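To start, the structure itself, in structure tokens.
The values are calculated or read from the model by the stated rules, or taken from the named source; none is laboratory data. Remember, it's a predicted structure, so these values are computed and weren't measured experimentally. Because the Cβ atoms are built from the backbone with ideal geometry, glycine has one as well, and the counts that use them run over all protein chains shown.
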Amino acid sequence: MEDPFALLARLELDGVSLAYDDNGTGAPVVLVHGAASDIRTWSGQLPALSRKFRVITYSRRFARPNAPLPDGADDPVDVHVNDLAQLMDKLKLNPAHLVGHSWGGLIVLLLALQKPERFLSMTLIEPPVLPLFTDVPPKLSQIVSLMFRDPRTAIAILKFGVGVMAPVEKAFRRGDDKAAIEIFGKGVLGPEKFATLSEARYAQIWENRATDKAQMLGGNFPSLDVAEIKRLTIPTLLLAGAESPPLFHRLCEALCDLLPEAELHTLPGASHIVQEDAREETSARLLDFLNRQAGRG
């Protein structure tokens, strides 16, 4: 079987070696993948984007084919934010358009809050910004308070927490990784889409499950300051999948309301892995947005 990582370059950062690819010329675009995935998740966007932009994709720390997360280790998000900043410095990518999916979207948002001068724009695809509303896991008092202020969001958090997060955590704790992946996959993709994942895509989830496990069992969610987000003037594209769980829609809507220069688009036929379920439309939306930012400059 052909090695999908054979042609990737290597970037040496502080204490870690990351696999990456660098395609095209023009303004830099950095694509940051989420959990249970790696550099391969962006294969549908590379051909279109690299015709006009310099596109950098990489596998984050502990994602294939990089060195795996040690057994029982935590996986704090601030380490990934620092890796992204170092990658941009080493490859001379400042400023750049940054695109992040799921956990990668949260990483991009955190870097934007720390170093907005590094950004030409940002695109966030269903980032898990739960700390806008509650701690993770949420306290009962927070859910009760949220139920009075924003019942739609409170119900979405409750349903996802009870129906997905809690049983996934239990499965990981008893060492049943296969059950944990199945519960989580069905929860974020829907039972039908999870059942129709290709062998290769399921293998990508399985090979990268250690970081998912660490996120479920550790205290990895950062706090988010609403006032700081409101002050971010970076042009922002938010993308959501029409078939994603209601919670992800609510989180995207909340971010769109907070960010001064944000637009939100929902892509039909897509669940949480929007860039894979709706490859062509994701690429088209990205190109339209990035071209408009170039026009502004």
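Brief remarks on what is shown
- Checking each residue of segment 3-17 against the condition of being part of a loop (DSSP other than H, G, I, E, B), crowded, with 18+ Cβ neighbours inside 10 Å and touching a residue at least 24 places away in the same chain (Cβ under 8 Å) gives at least one match.
- Leu31 surrounded by 22 or more Cβ atoms within 10 Å (Cβ to Cβ) and under 28 Å from Val129 (Cβ atoms): yes
- Among the residues of segment 126-165, those that are among the acidic types (Asp, Glu) and at negative phi comprise Asp135, Asp150.
- Residue within segment 121-138 that is more than 21 Å from Ala262 (Cβ to Cβ), among the hydrophobic types (A, V, I, L, M, F, W, C) and touching a Pro at 6+ places or on another chain (Cβ under 7 Å) present: no
- Exactly one residue out of Ala240, Ala214, Ala284 is of a type in the set (A, V, I, L, M, F, W, C) and modelled with pLDDT under 95: that is Ala214.
- Some residue of segment 54-72 being buried (at least 16 other Cβ atoms within 10 Å of the Cβ), assigned to a helix (DSSP H, G or I) and modelled with pLDDT of 95 or more: no
- Pro268 vs. criteria exposed (fewer than 14 other Cβ atoms within 10 Å of the Cβ), touching a strand residue (DSSP E or B) at 6+ places or on another chain (Cβ under 9 Å) and not basic (Lys, Arg): yes
- Qualifying positions in segment 250-271 - closer than 20 Å to Ala154 by Cα and touching a residue at least 60 places away in the same chain (Cβ under 8 Å): Arg250, Leu251, Cys252, Ala254, Leu255, Leu258
- Count of segment 143-166 residues, restricted to those that are surrounded by 14 or more Cβ atoms within 10 Å (Cβ to Cβ) and farther than 19 Å from Ala214 by Cα, is 13.
- Residue in segment 20-40 that is assigned to a helix (DSSP H, G or I) and under 17 Å from the mean Cα position of the chain (by Cα) present: yes
- From Ile143, Ile107, residue being touching a strand residue (DSSP E or B) at 6+ places or on another chain (Cβ under 9 Å), within 23 Å of Ser244 (Cα to Cα) and of a type in the set (Val, Ile, Thr): Ile107
- Scanning segment 61-87 for residues that are without any contact (Cβ under 8 Å) to a residue 60 or more places away in the chain and in contact with a strand residue (DSSP E or B) (Cβ under 8 Å, 6 or more places away or on another chain) yields Arg61, Asn66, Ala67, Leu84.
- Filtered by the rule that a residue be in contact with a helix residue (DSSP H, G or I) (Cβ under 9 Å, 6 or more places away or on another chain) and buried (at least 17 other Cβ atoms within 10 Å of the Cβ), segment 252-265 gives Ala254, Leu255, Leu258, Leu259, Ala262, Leu264.
- The set of residues from segment 120-134 being over 19 Å from Trp42 (Cβ atoms), in contact (Cβ under 8 Å) with a residue 60 or more places away in the chain, out of contact with any Ser or Thr (no Cβ under 7 Å at 6 or more places or on another chain) and outside any helix (DSSP H, G or I) comprises just one member, Val129.
- Within segment 81-119, the set of residues being assigned to a helix (DSSP H, G or I), surrounded by 22 or more Cβ atoms within 10 Å (Cβ to Cβ) and out of contact with any Leu (no Cβ under 7 Å at 6 or more places or on another chain) comprises Trp103, Gly104, Leu106.
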